[in-house]
Amino acid sequence: MVTPDLSVSLGGLRVKNPVMSASGTFGYGVEFTPFYDISRLGAVVVKGLSLAPTPGNPPGRIVETAAGMLNAIGLQNIGVERFVGDVVPRLEDAGATFVANIYGKTLEEYEAVARRLSEVPSLGAIEVNASCPNVREGGMAFGATTGGIAQLTERVRRCTGKTLWVKLSPNVTDIASIAKAAEGSGADAVSLINTIVGMAVDHRTRRPELSNVTGGLSGPAIKPVALRMVWEAAKAVRIPVIGVGGIQNAADALEFLLVGASAVQVGTANFRNPRACVDILVGIEAFFREQRIARLEEYRGGLQREKIP
Amino acid sequence: MPFNRPRFVTGRILRNEGRGEIFYRIEATIPEPVRFVPGQFAMVSGWPGNDPLLPRPLAVFRAGGTRGKGKVEFVYKVVGRGTALLSGLHPGETLSITLPLGRGFDLDREGRTYWLVGGGVGFSSVFPAAVVLGRRRAAFEMFLGARTREHLPPREWTPGGKTPGTIHFCTEDGTAGFHGRVTDAVLERLRRLSPESASRMTILACGPREMLREIAAAAAERSVSAQVALENHMACGFGVCWGCVVSLWDGDRTAYRRVCREGPVFDAREVVW
């Protein structure tokens, strides 16, 4: 059987397969070149970029929890200028399709970062981070309400001709209405979920485990929540939905595609297996071959609700 | 072919033996020999399932083998669930290993005298330095400290049979060697050091943060150069999670640097203690 066609269009950006890295777990992509050829991925989504370099939160940034981990990195990053100057050429050399995740403390900062990135011809898309739980301003502050997400999406939309994805927070009451607000304001796709706000404390020292006290939960622990939210969002919008949250292997990724995601992002799994993304890609291909599925579209969104007779 | 850039490999356990329930030594075969700099580390896991989720950082203790059949060894102490599960693995079972990671000790300067200081399980990253220095016939002494005799590294693990180095054992309860903290033994020797010897001296240290802090301060006072191997919780080990940062001096300001990437070995003067 011929190689299955895994290509998919993600709101204007056509990718050769649906496996991407999740922002914040893949550095700037180039860190993975010792492990495999990153051009094999549908896209590399880099760590959230702000206008100026950001120092991030004080140490005490991560803690392991049951089948997952909490992080409160606070978006430490090199800033958009250094990304464009130092990293973009290396991503181009690697032949990678890459997407920049952006973040700002204010709407104006989001706009400025988006404008700067729009000048990078090789950039595949911009993913707006409307969902970081670990910074006081920006991030989730915009993503928590339909009004906030609409305003942010609209403002960034006006600054860029790039394909625009909006990354949504799970820390909301109704993900479908948030996704619709992003769609209605010009998003070409939505990606979800970002981390779930959580907390860990030490009963002996009587102290929080994270300097930020609360952090974002990721890993297999959040997969059922992510799957439910992706399913709800995919039913609510016509733009592509990118599934993120706890994906560890090909089966996990396929579940997201089944409930309506057009593609997936792999996050925390990269930490324990630097080859996770490419292993998942190979696993999806093998599954499609085994099931004689020629195209991703044949499988995607095909969740069967009837009982097996 | 031997490799020295990070790889994610599957290892097969050859042995995994405990010493008095304190230290374990695990040896595994890997597809190819790894070349590492003393102080570099690996991310290691091997237990089934998703819980605990993350691999554990372990200093590379020894590595060898031949083309097409590498070997690697780690020493660890059971400190939590991950290392407890690791200690329960048997020969024949597999490990997931990412290695070699981070920046190791700088041993490249000629004509220097080294003091290697290991507190607790910290000996696991200074022993490889002793092996390299011994092979080079460089002058070095080793200071190894523990709470009590049983917590010192087993004698047969200690490199130095044929090496010119001298080893000073220290126990806090006086059950072996110098009666007191290894920090005190080092500080005492530093005080007696001539300025001329001090200028040729490099300290390499790994152990509890308080030990490193005191040694760093005393070394700075005597103008002795010191390299410290830091530990921290980390998720990835290769620079992408940004979870393991520590504060370092960057001119007169401070900046967060990754223990896994810019470290784990830092110049002691760079660290914001």
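Inside the stretch A:165-205, can you point out the residues that are more than 21 Å from B:CYS241 (Cα to Cα), of a type in the set (A, V, I, L, M) and touching a helix residue (DSSP H, G or I) at 6+ places or on another chain (Cβ under 6 Å)?
A:VAL166, A:VAL172, A:ILE175, A:ALA176, A:ILE178, A:ALA179, A:ALA181, A:ALA182, A:ALA187, A:VAL190, listed by residue number.
Is it the case that some residue within the stretch B:8-28 is modelled with pLDDT of 95 or more, surrounded by 23 or more Cβ atoms within 10 Å (Cβ to Cβ), in contact with a helix residue (DSSP H, G or I) (Cβ under 7 Å, 6 or more places away or on another chain) and not β-branched (Val, Ile, Thr)?
The answer is no, given that none of the residues of the stretch B:8-28 is modelled with pLDDT of 95 or more, surrounded by 23 or more Cβ atoms within 10 Å (Cβ to Cβ), in contact with a helix residue (DSSP H, G or I) (Cβ under 7 Å, 6 or more places away or on another chain) and not β-branched (Val, Ile, Thr).
Take the residues in the stretch A:51-69 that are outside any strand (DSSP E or B) and either facing chain B (nearest Cβ under 7 Å) or of a type in the set (D, E, K, R) (or both); name whichever of them is surrounded by the fewest Cβ atoms within 10 Å (Cβ to Cβ).
In the first step, residues of the stretch A:51-69 are kept if they are outside any strand (DSSP E or B); the result is A:51-53, A:55-61, A:66-67.
Narrowing further to those that are either facing chain B (nearest Cβ under 7 Å) or of a type in the set (D, E, K, R) (or both): A:55-56, A:59, A:61, A:66-67.
Numbers: A:PRO55: 15, A:GLY56: 20, A:PRO59: 17, A:ARG61: 29, A:ALA66: 13, A:ALA67: 18.
This residue is A:ALA66.
Given the condition assigned to a loop (DSSP other than H, G, I, E, B) and either of a type in the set (Gly, Ala, Ser) or more than 18 Å from B:HIS233 (Cα to Cα) (or both), answer yes or no: does some residue in the stretch B:53-62 qualify? Spell out the reasoning first.
Residues of the stretch B:53-62 assigned to a loop (DSSP other than H, G, I, E, B): B:53-55.
Retained after the next criterion (residues that are either of a type in the set (Gly, Ala, Ser) or more than 18 Å from B:HIS233 (Cα to Cα) (or both)): none.
No: the stretch B:53-62 contains no residue that is assigned to a loop (DSSP other than H, G, I, E, B) and either of a type in the set (Gly, Ala, Ser) or more than 18 Å from B:HIS233 (Cα to Cα) (or both).
So which pairs qualify, if the first residue must be in the stretch B:228-239 and on the phi < 0 side of the Ramachandran plot, the second must be of a type in the set (S, T, N, Q) and assigned to a strand (DSSP E or B), the Cβ gap must be under 8 Å, and the two must be at least 6 apart or on different chains?
Here the result reads B:ALA235/A:ASN71; B:PHE238/B:THR98, each pair linking the stretch B:228-239 to a residue that is of a type in the set (S, T, N, Q) and assigned to a strand (DSSP E or B).
So A:ARG204 passes all but one of these: (1) in a helix (DSSP H, G or I); (2) free of Cβ contacts under 8 Å to residues at least 24 places away in the same chain. Which condition number does it fail?
Going through the list (1) in a helix (DSSP H, G or I); (2) free of Cβ contacts under 8 Å to residues at least 24 places away in the same chain, A:ARG204 breaks only (1).
Can you go through A:VAL46, A:VAL19, A:VAL30 and tell me which one is buried (at least 18 other Cβ atoms within 10 Å of the Cβ), more than 9 Å from every other protein chain (Cβ to nearest Cβ) and more than 27 Å from A:LEU254 (Cβ to Cβ)?
On inspection, the qualifying residue turns out to be A:VAL30.
Please verify whether the stretch B:94-115 includes one or more residues that are free of Cβ contacts under 8 Å to residues at least 12 places away in the same chain, out of contact with any Ser or Thr (no Cβ under 9 Å at 6 or more places or on another chain) and more than 14 Å from chain A (Cβ to nearest Cβ). If you could, list the steps in order and put the result at the bottom.
Let us first name the residues in the stretch B:94-115 that are free of Cβ contacts under 8 Å to residues at least 12 places away in the same chain, namely B:108, B:110.
Among the residues that remain, those that are also out of contact with any Ser or Thr (no Cβ under 9 Å at 6 or more places or on another chain) are: B:108, B:110.
Cutting the leftovers down to more than 14 Å from chain A (Cβ to nearest Cβ) gives us B:108, B:110.
Yes, the stretch B:94-115 contains a residue that is free of Cβ contacts under 8 Å to residues at least 12 places away in the same chain, out of contact with any Ser or Thr (no Cβ under 9 Å at 6 or more places or on another chain) and more than 14 Å from chain A (Cβ to nearest Cβ).
Would you mind finding the one in B:GLU221, B:GLU262, B:GLU214, B:GLU270 that is surrounded by fewer than 16 Cβ atoms within 10 Å (Cβ to Cβ) and not assigned by TED's automatic domain parsing to the domain that holds B:MET43?
Working: B:GLU262 fails: surrounded by fewer than 16 Cβ atoms within 10 Å (Cβ to Cβ); B:GLU214 fails: surrounded by fewer than 16 Cβ atoms within 10 Å (Cβ to Cβ); B:GLU270 fails: surrounded by fewer than 16 Cβ atoms within 10 Å (Cβ to Cβ).
Going through B:GLU221, B:GLU262, B:GLU214, B:GLU270 in turn, the sole match is B:GLU221.
The values are calculated or read from the model by the stated rules, or taken from the named source; none is laboratory data. What you see is a predicted model, and the numbers here were worked out from it, not measured in a lab. Virtual Cβ from ideal backbone geometry, glycine too; neighbours counted across all protein chains shown.
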